[in-house]
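The values are calculated or read from the model by the stated rules, or taken from the named source; none is laboratory data. If you're wondering where the values come from, they're calculated on a predicted model, not measured in any experiment. Note that we place each Cβ from the backbone using ideal geometry, even for glycine, and neighbour counts take in every protein chain shown.
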Amino acid sequence: MIHKCLFPAAGYGTRFLPATKAMPKEMLPIVNKPLIQYGVEEALEAGCHTMAIVTGRGKRSIEDHFDTSYELEHQIKGTDKESYLKEIRSLIQTCTFSYTRQNEMKGLGHAILTGETLIGQEAFAVILADDLCANMGGKGVLSQMVGLYKKYCCSIVAIEEVDMSDVDKYGIIEGEEIEKGVYKISNMTEKPSREEAKSNLAVIGRYILTPDIFNILRVTKPGKKGEIQITDALLEQAKAGRVLAYKFEGKRYDCGNINGFVRATNDFYEAYHR
């Protein structure tokens, strides 16, 4: 079983400036809930009760969100607004939250390695909160991946097909389809040009990683932009064993950019607030 979920949440969110100057991008609301809460709910549905969050400077509001606000509780107690806190209260009571800081922004691989102290030596999930995933009426993406992990017991990345014009924004995989929607990875390239890309199967912000990834990340050299790329570490892991890519059921919104954020807001409003 996968018990822990890691949330890398130290990035600056520069594409949303000036909104993110003093507000973490993970706290940007889709309708009336912050992005990171959707991620925690998805992790809990998948069986994770321990949320390990890698934060940075200016991210205290994430910790405050997953804590009791006694003043607010007192002010709205007994009013019709008390029901608005039902979901977050349930998360606070059900989950354990732990935090560590990423002191330097050295890429996703470095953020995951920073979280090792919170994870220990066990397989774990990773959710990037600004990749908001929804599967209306079905299992969440991470739940789907946990089911696959039970079968194969190896690292798994979630993938989706993207336009060839967008491959330079993602890690792109190559591999053999071993069952419907499941690929055994033979190669991974971080943000290739359109000419370099061998497929349009892009890695998105959902991972299940086995703990040996930490030792690989420790010796992974910086790649593009001088950052430690999780793609490079996963490729090394794939050479030594098996790493799978899973074409998930559902829809993913890239809420790291304004267009995706607006689409998610509109769709979630239509789905839940008619």
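Brief remarks on what is shown
- Just so you know, in the stretch 228-255 the residues that are more than 26 Å from Y38 (Cβ to Cβ) and assigned to a loop (DSSP other than H, G, I, E, B) include one that is modelled with the highest pLDDT, and it is I228.
- Among the residues of the stretch 30-77, those identified as in a strand (DSSP E or B) and β-branched (V, I, T) are I30, T50, I53, V54, T55.
- Residue in the stretch 186-206 that is loosely packed, with under 14 Cβ neighbours inside 10 Å and in contact (Cβ under 8 Å) with a residue 40 or more places away in the chain present: yes
- Out of L142, L118, L113, one residue alone is more than 26 Å from K225 (Cα to Cα), among the aliphatic types (A, V, I, L, M) and crowded, with 23+ Cβ neighbours inside 10 Å. It is L142.
- Residue within the stretch 227-238 that is surrounded by fewer than 22 Cβ atoms within 10 Å (Cβ to Cβ), without any contact (Cβ under 8 Å) to a residue 60 or more places away in the chain, of a type in the set (D, E) and under 30 Å from K151 (Cα atoms) present: yes
- Residue list for the stretch 17-29, restricted to those being buried (at least 19 other Cβ atoms within 10 Å of the Cβ) and either out of contact with any helix residue (DSSP H, G or I) (no Cβ under 8 Å at 6 or more places or on another chain) or more than 19 Å from I204 (Cα to Cα) (or both): P24, M27, L28
- Count - residues of the stretch 6-38 that are hydroxyl-bearing (S, T, Y) and within 15 Å of H65 (Cβ to Cβ): 1
- One residue alone among E82, E104, E63 is free of Cβ contacts under 8 Å to residues at least 12 places away in the same chain and under 29 Å from D212 (Cα atoms), and that residue is E104.
- Index of the failed condition, L91 passing every other in (1) closer than 13 Å to C5 by Cβ; (2) within 15 Å of the chain's Cα centre (by Cα); (3) in a helix (DSSP H, G or I): (2)
- For the residues I88, I62, the requirement of being surrounded by 14 or more Cβ atoms within 10 Å (Cβ to Cβ) and in contact with a Ser or Thr (Cβ under 8 Å, 6 or more places away or on another chain) singles out I62.
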